[in-house]
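Engineer: One structure is given below, represented as structure tokens, and several questions about it will come after.
The values are calculated or read from the model by the stated rules, or taken from the named source; none is laboratory data. As the structure is a prediction and not an experimental result, all values here were calculated from the model. We place every Cβ from the backbone using ideal geometry, glycine too, and count neighbours over all the protein chains shown. Remember, those area values only see protein heavy atoms, side chains included, never the ligands or the DNA or RNA. Shrake-Rupley method; radii C 1.70, N 1.55, O 1.52, S 1.80 Å.
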Amino acid sequence: MIRLFGLDRTLLWLLAQLMSPWVRPKALPVDEAERLRGRGRRLLYVFERQSLTDLIAVALVCRQLGLPSPLRRFVLGAAREPRAALFLERRRGWIRKRPDRRVPARLVRVFSTAFSAGDSAVDLVPVSVFWGRSPRIESSWLRLMFSEDWTLAGPFRRLLSTLVNGRRTLVRFGEPSAIDEFAVADVEAARAARRAVRLMRVEFRTSRAAVLGPDLSHRRTVIAEVLRKRAVRAAVAAETRERNLTRREALGVARRYAYEIAADYSPRFVAFGAGMLTRVWNRLYDGVVVLHGERLELASGGAQVVYVPCHRSHMDYLLLSYVVYERGFAAPHIAAGINLNLPIIGRYLRKGGAFFLRRSFKGNPLYPTVFMTYLSVMMQRGHPIEYFIEGGRSRTGRLLSPKTGMLAMTLRSFLTDPSRPVVFVPVYFGYERLVEASTYVGELSGRPKEKETVAGLLRGLKVLRERFGRVYVSFGEPLPLAEHLDAHAPGWRADGRTTRPTWLPGAVDTLALTIQRRTNAAAALTPTALISLALLATPRQSMPESDLVRQLELYRRLAEHAPYARDIWCTPLAGEAMIAHGRELGMIETVPHALGAVVRFLGDHAILSAYYRNNILHAYALPSLIACAFLNNSAIRAEDVHRLAWRIYPYIAQELFLRWPEAALPAAVDGVLDTFAKLGLLEPSADRSLWRRPPTGSTEAVQLSLLAHATLEVIERYYLAIALLLRAGPDTISQDALESRCHLMASRMALLYELRSPEFFDRALFRQFLDLLRTREVIHTRPGGLLGYDQALLDVAADAQLVLSEQIRHSILQVTHG
């Protein structure tokens, strides 16, 4: 189309006549035509980019307003130009056209002629053409796809935009500049033209921002800003020295990293995607339930919002962006693993706000510098950010130990400019059924993790034929970063703009733990999770229906009378309704029997049910631990209950991110005991110094036993590690060797006793337990890396005997002996 500029005015006039039926441009501002006519000067229209459709649109507007047409010849002295229009940016080349941003030769000729002939009664009029409204304003999907934005449109896209948005075209005339304003003594025509071009470009940017809003084309604006930052320039200089590169080559490497990382956020695509996701959610789920959504308002009041959700499923990315966008807030920019940067898919994820990071930054100092600078620039611009501090999706349903790299980068970025407050918003996802259920079942059964591929995504589309119940998106209590630093590093403001203070690692670790605890505090107790909690407490994962109803009602009453946290949400369904809901989802089945129906898991749900149970295990962890004390003891003193809780709580609190500090544990234990008394699960003595369980075989005793079994496997795992260390003896085994032995013995127990919990033999949990034993000085590391212990470990083992039955202890010792 650009080659048509060489045709004569007749053909251009004919094209204008052909376009006029569907192109109805409107001039802005409305009084500009009168003002331009009133100046009585010749007009030379200046366009930002070369475009035939823009030229004809302005010609149509000028005809409506009675202004000189840009298609007319422009005569200045003896010089005659073919049109009264020029373009600041042209396109050069035949196959791959490149932008030419040099000062237009035609403009230099006009200045030269005006200065030499003394005829400077000419106005340069910047004119911008916008095909369609801003993406934030447009409501029609078709018009939205082809509306104007900050990106450079190609000829084909411009043609489609002209056809679709021709009747919604805006032509904005900028402030005219007289040529004689640039006629300064001893100033050459070329230099004056360069000054005029700079002024015109500022005018174009101002006009575009006024019509479209700020430039959101990150690939063009953010990357340029990242590469200009001092930290990146220093890293590029170091790269030139270390790898013997030229500065141009090292800068090219940094630019490639930036393009690999950066999002390409498109408001048009986000608006389009929100409509598509509405249809997807309606097909997959029975509803998307948002809990504590008002916290979005509290967190967004002028602050930089960082969403830190738990990571259960690939749906997490889409769900959070969808919920935030539908509530009227900007969709966040999401940190995603580079494994999701798939062909075709990666491009659209970038347009939805995804920016990508590698799994490891080691061995390449330039890449982490570029990444951290990009994150800092995004925060300075106020874009909401989202990342998963667990690193990857949880295959067990529990929160994973946080990986603090992104948190540390966020905190360091905040320290460089603490004027803009930063608020972390924890988000909990609760799925009644997982879309990736079959994948997780395979991985938990020993199959290697599948890599993300386009073919795998296409195969996964078959899930659209299934129903997955409800999904709960619960927003936890916001955490202002400044308040956290005031509590854990009171002198942080005195450190100025230091980005690596000595207190930083400790502050980051406590920040991560606080976020995880607040995430758990916003959990949703769904019917599928409660059914899994009850059935997995039985030897064969099945129960009489009447017993299951009573147990589900007990869990609901515990959540009502002794809630784990104020933000916990529990299903309002009664026990019978929960079971009916589980049947509808294909999770359980009811087997008729003459003595009463029996409920059991259906198919592979027995394996995956541990996942749903682990989603909410923390909410019942403390009541379950206290119930464990009564498995082997019909009566126990209150002080012994407190001692057992104090002995075990620190380890399970670290594993499940429980919210109570150790100083608050006695009050929490007393509260649970009081609730047990109200529900008839325990009977206290008159002075409440002795607590007694109901008679063996009673309904309440069965309920208490089932509640205890929720965390019994955790205690068994701890006892296994202690038993192996005691069998090895002091100063004879290293921690690494003990971890390996624990993993092998636990996996053997899982096979022998058909344990359904994959975390039972998770080596990372054994490492975490042994690390905490060492931190609490229960065990010690001797010279040479061997583990030693003293009476403290023997006391822990003795208390375990109060909780674990002789049969369980014998089974564990038998496995360790083998």
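Engineer: Would you mind checking which residues have amide H under 5 Å from L76's amide H? H placed 1.01 Å from N; only 5 or more apart, or other chain.
Structural biologist: Placed amide hydrogens put E81 under 5 Å from L76.
Engineer: Could you order T775, T410 so the one with the most accessible surface comes first? Probe is 1.4 Å.
Structural biologist: Putting T775, T410 in descending order of accessible area: T775, T410.
Engineer: Output the 0 to 90 degree angle, nearest 10, between the alpha-carbon long axis of helix 806-817 and the longest principal axis computed from the alpha carbons of the chain.
Structural biologist: Roughly 70 degrees between the two axes.
Engineer: Please work out the ratio of the alpha-carbon Rg of the stretch 696-748 to 2.2 N^0.38 Å and round it to two decimals. Intermediate results must be reported in sequence, preceding the final value.
Structural biologist: On the way: Rg = 15.9 Å, N = 53, 2.2 N^0.38 = 9.9 Å.
Normalised by 2.2 N^0.38 Å, the Cα Rg of the stretch 696-748 equals 1.60.
Engineer: Two decimals is fine: what is log10 I(q)/I(0) at q = 0.31 Å⁻¹ for the stretch 559-616, from a Debye sum with one equal scatterer on every Cα and no solvent?
Structural biologist: For the stretch 559-616 at q = 0.31 Å⁻¹, log10 I(q)/I(0) is -1.23.
Engineer: Which Cα, out of H311, L44, V423, lies furthest along the positive dipole direction of the chain (beta carbon charges, K/R +1, D/E -1)?
Structural biologist: So the residue we want is L44.
Engineer: Mind listing the phi-derived Karplus ³J(HN,Hα) values for the stretch 200-206, rounded to whole Hz, using 6.51, -1.76 and 1.60 with θ = phi - 60°, and x for any glycine or proline?
Structural biologist: 5, 5, 4, 5, 5, 4, 5
Engineer: Rank L245, L773, L813 by accessible area, highest first, at a 1.4 Å probe radius?
Structural biologist: Final ranking, largest accessible area leading: L813, L245, L773.
Engineer: Can you tell me the Rg and the Dmax, both Å, for the Cα atoms in the stretch 339-423?
Structural biologist: 14.3, 40
Engineer: Remind me, what semi-axes does the stretch 197-344 give for its equivalent ellipsoid, largest first in whole Å, using sqrt of 5 times each Cα gyration tensor eigenvalue?
Structural biologist: Over the Cα atoms of the stretch 197-344, the ellipsoid semi-axes are 35, 23, 15 Å.
Engineer: Please report, to one decimal in angstroms, the Kirkwood hydrodynamic radius of the stretch 671-818 built from all distinct Cα-Cα pairs. Provide the component values of the computation, followed by the final result.
Structural biologist: Working: mean 1/r = 0.0585 Å⁻¹.
Kirkwood radius, the stretch 671-818: 17.1 Å.
Engineer: Which ³J(HN,Hα) values, rounded to whole Hz and listed in residue order, are derived for the stretch 391-407 from phi using the Karplus coefficients 6.51, -1.76 and 1.60 in 6.51 cos²θ - 1.76 cosθ + 1.60 with θ = phi - 60°, glycine and proline given as x?
Structural biologist: Values, residue by residue: x, x, 6, 6, 8, 10, x, 8, 5, 8, 4, x, 9, 8, x, 5, 4 Hz.
Engineer: Something else: On a 0 to 90° scale, report how tilted helix 504-521 is relative to the longest principal axis of the chain, with both axes built from alpha carbons and the result rounded to the nearest 10.
Structural biologist: The helix 504-521 is inclined about 70 degrees to the chain.
Engineer: Further question on the same structure: Could you pull out the longest piece of the chain with no exposed loop chymotrypsin sites (Phe, Trp or Tyr not before Pro) in it, calling a site exposed if DSSP puts it outside H, G, I, E, B and it has at most 13 other Cβ atoms within 10 Å? Don't skip to the answer; put the middle values down first.
Structural biologist: Details: sites that count: W22, W94.
Value returned for the longest uninterrupted segment is 95-818.
Engineer: If I take the Cα coordinates of the stretch 738-802 and project them onto the principal axes, what are the three extents in Å, biggest first?
Structural biologist: 37, 31, 15
Engineer: I'd like to check one number: the per residue accessible area of the chain, probe 1.4 Å, reported in Å² as a whole number. It would help to have the intermediate numbers written out before the result.
Structural biologist: Values: 36320 Å² over 818 residues.
About 44 Å² of surface per residue is accessible.
Engineer: Moving to a separate point now. Count the lysine pairs in the chain whose Cα atoms sit under 28 Å apart, keeping only pairs 8 or more residues apart in sequence or on different chains.
Structural biologist: Here the count comes out as 15.
Engineer: Okay, next question. What ³J(HN,Hα) values, in whole Hz, does the Karplus curve 6.51 cos²θ - 1.76 cosθ + 1.60 give for the stretch 777-788 when θ = phi - 60°, with x put for Gly and Pro?
Structural biologist: Each residue's phi maps through the Karplus curve to give 6, 7, 10, 9, 9, 7, x, x, x, 7, 8, x Hz.
Engineer: From largest accessible area down, sort K362, K229; use a 1.4 Å probe on the protein chains.
Structural biologist: Reading off the accessible areas and sorting them downward yields K362, K229.
Engineer: Helix 545-561 versus the longest principal axis of the chain: what angle, 0 to 90°, nearest 10, using Cα atoms?
Structural biologist: 70
Engineer: A further question follows. Taking all pairs of distinct Cα atoms, average 1/r, flip it, and tell me the Kirkwood hydrodynamic radius of the stretch 501-574 in Å to one decimal place.
Structural biologist: For the stretch 501-574, the Kirkwood estimate is 14.5 Å.
Engineer: Which one, A274, S112, I722, projects farthest toward the positive side of the charge dipole computed for the chain from Cβ point charges (K/R +1, D/E -1)?
Structural biologist: Of the candidates, S112 comes out farthest on the positive side.
Engineer: Can I ask one more? Largest first and to the nearest Å, give the Cα extent of the stretch 623-682 along each principal axis.
Structural biologist: Rounded to whole Å, the extents work out to 29, 22, 19 Å.
Engineer: The chain: percent of C-alpha pairs farther apart than 36 Å?
Structural biologist: Of all Cα-Cα pairs in the chain, 58 percent lie more than 36 Å apart.
Engineer: Just need log10 I(q)/I(0) for the stretch 52-92 at q = 0.23, 0.26, 0.29 Å⁻¹, Debye formula, equal scatterers on the alpha-carbon atoms, no solvent, rounded to two decimals.
Structural biologist: -0.82, -0.93, -1.01
Engineer: Still on this model: Give or take rounding to whole Å, what are the principal axis extents of the alpha carbon atoms in the stretch 396-441, in descending order?
Structural biologist: On the principal axes, the stretch 396-441 reaches 46, 18, 14 Å in Cα extent.
Engineer: List the residues whose amide H sits under 5 Å from the amide H of L525, counting only those 5 or more places along or on another chain, with H placed 1.01 Å from N in the peptide plane.
Structural biologist: Here W569, C570, T571 satisfy the definition.
Engineer: If amide hydrogens are placed 1.01 Å from N in the peptide plane, which non-local residues have theirs closer than 5 Å to the one on T169?
Structural biologist: For T169, the qualifying residues are R24, K26, G132.
Engineer: If you place +1 on the Cβ of every Lys and Arg, -1 on the Cβ of every Asp and Glu, and leave all else neutral, what size is the dipole of the chain about its Cα centre, to the nearest 20 Debye?
Structural biologist: With Lys and Arg at +1 and Asp and Glu at -1, about 5300 debye.
Engineer: Continuing with this model, one more query. Loop-only GluC sites (Glu not before Pro) in the stretch 727-818, please: DSSP not H, G, I, E or B, and at most 14 other Cβ atoms within 10 Å.
Structural biologist: Passing both the DSSP loop test and the Cβ count: E754, E777.
Engineer: Nearest 500 deg cm²/dmol is fine: what mean residue ellipticity at 222 nm does the chain get from its DSSP H runs of n ≥ 4 alone, each adding -39,500 (n - 2.57), divided by its residue count? Before the final figure, lay out the partial values.
Structural biologist: On the way: 32 runs with 411 residues, N = 818.
Value at 222 nm, helices only, nearest 500: -16000 deg cm²/dmol.
Engineer: Something else about it: Pull up the DSSP beta bridges for the chain and report the antiparallel fraction as a percent, rounded to 5.
Structural biologist: 50
Engineer: I need the Debye-formula profile for the stretch 517-651: one equal scatterer per C-alpha, no solvent, reported as log10 I(q)/I(0) at q = 0.19, 0.21 1/Å, two decimals.
Structural biologist: After summing over all Cα pairs, the log10 values are -1.14, -1.28.
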